Amino acid sequence: VTLAPEVLQKHRIVTMEAHNAVTDIYRALRAKVLQELTLRGKRTIGITSANRDEGKTLTAVNLAIAMAMDVNRTILLVDADLRNPSVAHCLGIEPALGVSDYLVGGATIADCLIHPRIQRLTIFPARSRIGNSAELLSSPQMTMMTQELKHRYADRIVIYDLPPLLSGGDAIGFLPSVDATLLVVRDGVARTGHVRQALELLAGHD
């Protein structure tokens, strides 16, 4: 699919813009994340926040694009926020199939993958909200999916846009499936107490 520049701009997806000051911030984040993953020999990372509207999906999408621009890597961005999927919306994509379709046996992984015209980037979207998201995220089918995505390509980094930590048990049940976690904190919005709670929930997870 072709991504519309006006849609990306509207949703603050800026990492395709070479001369944007915010792009440099995501490049710096890319460098730090890649360094940490390489040092630890890891290839999967979940991106979350304490609560909604703190920028986790924005960070996940921009980071995925920035990483895809590193010629040494291929990137798979997975929308694992099944309660409130937003990755496809941010990119202006209307997927016919998604993660939940795979988990209930209605599609294969290959059926669901979307290839935007960004080299080395693949999207595994979530199509619509589902009510039993916590159960699906911790299900054997999800564990099988994460293992297949991790091991299919040796040079691929898998980025999961996860649900917020304090909005239910969805993210907590999924954390064992990722090698590392990035907590997004929105300046001036996130409450200190909520950030502390989120860090406590992440204790024991890289």
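Quick look at the values:
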item	result
Residue ranges of helices (runs of 4 or more DSSP H) in the range 1-105 with at least 3 members modelled with pLDDT under 95 and over 25 Å from H194 (Cβ atoms)	5-10, 21-40, 56-68, 99-103
Any chance V195 is over 23 Å from L136 (Cα atoms), hydrophobic (A, V, I, L, M, F, W, C) and within 17 Å of the chain's Cα centre (by Cα)	no
Filtered residue count, the range 46-83, keeping only those that are among the polar types (S, T, N, Q) and under 13 Å from the mean Cα position of the chain (by Cα)	5
Tally of residues being under 29 Å from D53 (Cα atoms) and assigned to a helix (DSSP H, G or I) across the range 148-169	5
Cross-chain or 6+ apart pairs with Cβ under 6 Å, the range 98-123 first and of a type in the set (S, T, N, Q), then open to solvent by 70 Å² or more (accessible area, probe 1.4 Å)	T122/H115
Residues within the range 120-135 that are closer than 25 Å to L91 by Cβ and modelled with pLDDT under 80, tallied	5
Failed condition for R117, given (1) part of a helix (DSSP H, G or I); (2) surrounded by fewer than 18 Cβ atoms within 10 Å (Cβ to Cβ); (3) basic (K, R)	(1)
Positions within the range 17-26 being closer than 18 Å to K56 by Cα and either in contact with a helix residue (DSSP H, G or I) (Cβ under 6 Å, 6 or more places away or on another chain) or among the hydrophobic types (A, V, I, L, M, F, W, C) (or both), in sequence order	V22, I25, Y26
Test: residue in the range 175-188 that is over 25 Å from D53 (Cβ atoms), without any contact (Cβ under 8 Å) to a residue 40 or more places away in the chain, assigned to a loop (DSSP other than H, G, I, E, B) and open to solvent by 10 Å² or more (accessible area, probe 1.4 Å)	no
Filter result for R156 (within 16 Å of the chain's Cα centre (by Cα) and either open to solvent by less than 80 Å² (accessible area, probe 1.4 Å) or aromatic (F, W, Y) (or both))	yes
Count of the range 128-147 residues which are crowded, with 17+ Cβ neighbours inside 10 Å and part of a loop (DSSP other than H, G, I, E, B)	2
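The values are calculated or read from the model by the stated rules, or taken from the named source; none is laboratory data. Note that the coordinates shown come from a computational prediction; the quantities given were computed from them, not determined experimentally. Methodologically, a virtual Cβ is constructed for each residue, glycine included, from the backbone with ideal geometry; neighbour enumeration extends over all protein chains shown. Areas reflect the complete protein model, heavy atoms only, side chains present, ligands, DNA and RNA absent. Shrake-Rupley method; radii C 1.70, N 1.55, O 1.52, S 1.80 Å.
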